[in-house]
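Taking it in order: structure first as C-alpha cells, then the write-up.
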Amino acid sequence: MHLWFVCCALVVASAQEPSLIDKIKARAGENLRRLPNYTCVETIERFTQRGRFGNYRHKDTLHLDVVYVGGEELFGLSGKGGVEHSDLKKMIGGTIENGQFALFLRSIFLSGVATFTPVADANLKGHPSHSFDYIVPQTRSAFHIGSRFGQAIVGYSGRFWVDPDTLDLMRLVVSADNVPPAIRISSDVTAIDYGQVQIADKPFLLPVRSVYEVTDGFAYNARNLTTFEHCHQYIGESVLKLDPEPAPPPK
C-alpha cells in the first residue's frame, strides 16, 4: 500500500510539473509585464534587388524615434519632436515592416493561438539554446500585411531560440503563410534578435536588431536592416504655457 501511494504521488507531481514550453511562455509574459515605457532610436537601412541574381543596392537610411508606452508602439522621425504615428507604412511609405514586435510576442507566447514543436539539438551561432517551431493559423491571427495591390490578415509561422539558463528569447523568426495571390507577395520574413538592454539602471529584454525581407511576384526583393540604440525610460512630459504678458498701453 505504501509503495502504491508513493508511485501515485510521483505520477501526480510529474503531471503538475510545467513543461519547457510552459516555462518559456511564462518567462516571455514576465518580460513583457515588467517592461517600462521606453524610447529608442531606430535606424533602418533599406536595400533593393531586382532579379534573382542581382546585387542589393542601398536605397536609403531612416532614423526614427520609437516609443513603447502602454503596450503600444509609436513612431516619429528622429529629431522632429514628436512620436504620434502607430502605422509606419502610412508614415514612411515603401517597403517597411510595421511595429510588430510586441504583437508577435503576445500572440505567440501569451494568447494561446500558437502550436509548438520542439527542435532537437538547437544552436544559435554556436550557442546552445532551446528552440521551437511554431504556427499561428490565419483564423486566429492579427498579422496584417499589404502591398500596392491589396492587404490581408495572414497566418504566420517560424522558429524561436531561447537561452537554456534564463529562458530569455534570443531570436524570433516570423514568416507570413498563405498570402493571397492578389497581393503579389511571394515571401515576407522577419528575423528579430533580442538582448539585454539597460534602462534606468536595470536590464530588460528588448529587440536589438532585425532583418526584414520581402519578395513580390515580379522578382523584386527588398531587405531592411534595423538596429535599436540609445534606449532609455520614457516619461511623458507636459509643458505649461503661460499667456504672454499684455503689452503696455501706448503712451
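Considering (1) more than 20 Å from Gly217 (Cβ to Cβ); (2) in contact with a helix residue (DSSP H, G or I) (Cβ under 6 Å, 6 or more places away or on another chain); (3) not in a strand (DSSP E or B), say which one Ile96 fails and leave the rest.
(1)
Is it the case that the stretch 178-188 has a residue that's surrounded by 17 or more Cβ atoms within 10 Å (Cβ to Cβ) and on the phi > 0 side of the Ramachandran plot?
No, the conditions are met nowhere in the stretch 178-188.
For the stretch 210-220, how many residues meet the condition of being over 17 Å from Arg159 (Cα atoms) and in a strand (DSSP E or B)?
The number of residues fulfilling the criteria is 4.
Assuming Phe160 fulfils every condition listed in (1) of a type in the set (A, V, I, L, M, F, W, C); (2) modelled with pLDDT of 95 or more; (3) surrounded by fewer than 18 Cβ atoms within 10 Å (Cβ to Cβ) apart from one, which condition is it?
Just one mismatch for Phe160, condition (3).
Could you list, ordered by first residue, the pairs with Cβ atoms under 6 Å in which the first is in the stretch 157-169 and farther than 15 Å from Ile192 by Cβ and the second is in a loop (DSSP other than H, G, I, E, B) and modelled with pLDDT of 95 or more, at least 6 apart or interchain?
none
If you take the residues of the stretch 233-251 that are out of contact with any strand residue (DSSP E or B) (no Cβ under 6 Å at 6 or more places or on another chain) and either among the basic types (Lys, Arg) or modelled with pLDDT of 85 or more (or both), which of them is nearest to Gly51 (Cα to Cα)?
The qualifying residue nearest to Gly51 (Cα to Cα) is Lys241.
When the residues of the stretch 48-71 are narrowed to those that are part of a loop (DSSP other than H, G, I, E, B) and surrounded by 11 or more Cβ atoms within 10 Å (Cβ to Cβ), which ends up modelled with the highest pLDDT?
Applying the filter and picking the extreme gives Tyr56.
Please determine, by comparing only the residues of the stretch 102-151 that are buried (at least 17 other Cβ atoms within 10 Å of the Cβ), aliphatic (A, V, I, L, M) and in contact (Cβ under 8 Å) with a residue 60 or more places away in the chain, which one is nearest to Asn37 (Cα to Cα).
This residue is Leu105.
Counting only residues that are surrounded by fewer than 16 Cβ atoms within 10 Å (Cβ to Cβ) and in contact (Cβ under 8 Å) with a residue 24 or more places away in the chain, which one in the stretch 199-219 is nearest to the chain's Cα centre (by Cα)?
Ala200
Here is a list of conditions, (1) modelled with pLDDT of 90 or more; (2) surrounded by 18 or more Cβ atoms within 10 Å (Cβ to Cβ); (3) not basic (Lys, Arg), and Ser175 meets all of them except one; can you say which number that is?
Just one mismatch for Ser175, condition (2).
Here is a list: Leu88, Leu110, Leu105, Leu74. Which entry is hydrophobic (A, V, I, L, M, F, W, C), modelled with pLDDT under 75 and under 20 Å from Ala142 (Cα atoms)?
Testing whether each residue is hydrophobic (A, V, I, L, M, F, W, C), modelled with pLDDT under 75 and under 20 Å from Ala142 (Cα atoms) leaves just Leu88.
Taking the condition of being touching a helix residue (DSSP H, G or I) at 6+ places or on another chain (Cβ under 7 Å) and not in a loop (DSSP other than H, G, I, E, B), how many residues in the stretch 117-144 meet it?
Number satisfying all stated conditions: 4.
The values are calculated or read from the model by the stated rules, or taken from the named source; none is laboratory data. Here the structure is a predicted model, which is why all the values come from computation and not from measurement. Ideal geometry is used to build each Cβ from the backbone, glycine not excepted, and the neighbour counts take in all protein chains shown.
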